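S.K.: Let me begin by handing over the structure; questions about it come next.
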Amino acid sequence: MSDAHLSIIECNHDPQLLAKSPYRRFLKERIASKSGHLSNEQAFKLIYDHPNRKNTLFWLAHLSQVNNSPELVAITMNVNLKLNNIKDAKFKILPRHRTSEHWSILEDKQQLLF
């Protein structure tokens, strides 16, 4: 992962929304389990622990329609980046219902030079 220029990370749910969601208990437990989906905080931890985050673009994907929102993901990431004094992480929240834009390592390398 340290050589990756792009990492796509799941940001499936906000734990508080999941706890209040209309999902049945067994489904909530599966989503929140170690073999379930990543929460926004868990996704941030992957960015925080990334060995080369200043040269990696993070695409945040697979947001739950019921248990998350792009705004919550942005808040979680920005607050945690600020609290941890991280200024070199770049992320983009991908859309739920349409194809993401094209990514090219050549275009990315140009952007990372600045």
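S.K.: Take the residue pairs Lys45/Lys82; Lys54/Lys92; Lys45/Lys90; Lys20/Lys45 and return only those whose Cα atoms are more than 20 Å apart.
M.R.: Lys20/Lys45
S.K.: Hydropathy at least -1.0 by Kyte-Doolittle, axial extent at least 15 angstrom from the Cα trace: which helices of the chain, defined as entire DSSP H runs, fit?
M.R.: 70-83
S.K.: Lys34 versus Asn85, label points 7 Å from Cα toward the beta carbon: distance in nm?
M.R.: 3.3
S.K.: Would you list Trp59, Trp103 from fewest to most Cβ contacts within 10 Å?
M.R.: Details: Trp59 17, Trp103 13.
Arranged by neighbour count, lowest to highest, Trp59, Trp103 become Trp103, Trp59.
S.K.: Also: From the convex hull of the Cα coordinates of the chain, what is the mean projected area in square nanometres?
M.R.: 7.8
S.K.: What FRET efficiency do you get for His5 and His97 if R0 is 25 Å and r is their Cβ-Cβ distance, rounded to the nearest 0.05?
M.R.: Here the calculated transfer efficiency is 0.45.
S.K.: While we're looking at this one, here's another question. Could I have the simple spin-label model distance between Glu71 and Leu27, label points 7 Å from Cα toward Cβ, reported in nm to one decimal?
M.R.: Roughly 2.4 nm, to one decimal.
S.K.: Quick query: amide H of Leu60 versus all other amide H atoms, modeled in the peptide plane; which residues come in under 5 Å with a sequence gap of 5 or more or a different chain?
M.R.: Long-range HN contacts for Leu60: Ile9, Lys92, Ile93, Leu94.
Where a number appears in this text, it was derived from the coordinates with a stated rule and is not lab data. Just so it is clear, the structure is predicted and the values come from calculations on it, not from any experiment. Methodologically, a virtual Cβ is constructed for each residue, glycine included, from the backbone with ideal geometry; neighbour enumeration extends over all protein chains shown.
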